[in-house]
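What follows is one structure encoded as C-alpha cells, with my remarks underneath.
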C-alpha cells in the first residue's frame with residue numbers, strides 16, 4: 001500500500017489543555033479511513049491541524065500525492081494545503097448561501113485556475129476561456145454528485161441532505177487526492193445517509209479520491225471504512241479494521257457500547 005497522508009506525533013496545546021497528544025495516523029491510497037471518538041476527543045482539532053487552520057504544537061504532517069514526492073504541510077496556510085490536494089468539509093455547513101449551487105462549486109474550482117488578478121481585471125481571452133472551462137468542470141461535478149437539477153438554485157434553498165452533498169461537490173472542485181469529511185451524515189435522515197454511503201464509495205472507486213472521515217454514525221463508519229482510528233481525550237487508543245475495532249474491549253466500552261452489536 002502507498003501512504004498518502006502520514007501524521008507523526010501530532011500534538012496540539014491550547015494553553016494548559018492538550019487537545020491532541022502525540023497522535024500517529026496514516027491513510028493509504030484508495031482507502032476509506034475513519035477517525036472516531038466522543039465529543040471533545042480532538043477529532044476536528046486533528047483536521048484543523050493537518051489543513052492549516054491550526055499550527056500544531058509538535059509533530060509532523062506529510063503528504064505523498066500520487067506520482068509526486070513527499071511534502072511537509074506544517075506551517076502552510078489553508079489555501080496552500082488545498083492546492084497540494086487536501087480538501088475538507090465542515091461539521092457545520094459552510095455554503096455561500098447567497099450564491100447559486102453552480103457558483104458554490106466554482107468557488108472551489110478557482111484554486112486550480114492559472115489566471116492572476118491582472119488577467120481577471122483585464123478580462124483577457126485566456127482568462128475568459130479558463131472561466132468557461134471552470135463552469136463546465138463545475139457542472140460536470142454537479143452531475144456526478146447528482147445535484148445538476150439544482151444548478152441555478154440558491155444554495156440556501158436546497159434540502160438539508162443536498163446542502164451536505166454540495167459541500168462535498170465544492171471540495172471535489174479543488175481536485176483533491178484526499179478528501180476529509182467532518183461528520184458528513186450529521187442531521188441526515190436514513191435515506192440521505194444511505195445515499196451518502198453510496199456516494200463516498202463511488203468517489204473512492206471512480207474519482208481516485210481517498211477519504212478520511214469523522215463520523216458518529218457507527219453503522220456508516222463500520223460499513224464504509226477500511227481502517228478506523230480511535231481517539232479519546234486527544235490520545236489515540238486503537239486502530240484497525242472494523243472487525244478489529246468492534247472486538248476491542250476498550251473501544252466497545254468507550255465509544256460503541258451497545259451499538260457495536262448491530263453495527
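The values are calculated or read from the model by the stated rules, or taken from the named source; none is laboratory data. Values in this document were obtained by computation on a predicted structure and should not be read as measured data. No Cβ is skipped: glycine too gets one built from the backbone with ideal geometry, and neighbour counts run over all protein chains shown.
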Legend entry - Criterion: in a loop (DSSP other than H, G, I, E, B) and surrounded by 17 or more Cβ atoms within 10 Å (Cβ to Cβ) - qualifying residue of 56, 38, 66: 56
Inset, instruction - Can you run down the residue pairs with Cβ atoms below 8 Å, 6 or more apart or on separate chains, where the first is in the range 66-88 and assigned by TED's automatic domain parsing to the domain that holds residue 168 and the partner is loosely packed, with under 13 Cβ neighbours inside 10 Å and not in a loop (DSSP other than H, G, I, E, B)? - result: none
Inset, instruction - Working only within the range 180-195, note down all residues that are in a helix (DSSP H, G or I), surrounded by 14 or more Cβ atoms within 10 Å (Cβ to Cβ) and either free of Cβ contacts under 8 Å to residues at least 12 places away in the same chain or in contact with a strand residue (DSSP E or B) (Cβ under 9 Å, 6 or more places away or on another chain) (or both). - result: 194
Legend entry - Within the range 116-155, considering residues that are at pLDDT below 75 and assigned to a loop (DSSP other than H, G, I, E, B), the one surrounded by the most Cβ atoms within 10 Å (Cβ to Cβ): 124
Legend entry - Where residue 113 falls short, out of the listed (1) out of contact with any strand residue (DSSP E or B) (no Cβ under 6 Å at 6 or more places or on another chain); (2) modelled with pLDDT under 95; (3) within 27 Å of residue 215 (Cβ to Cβ): (3)
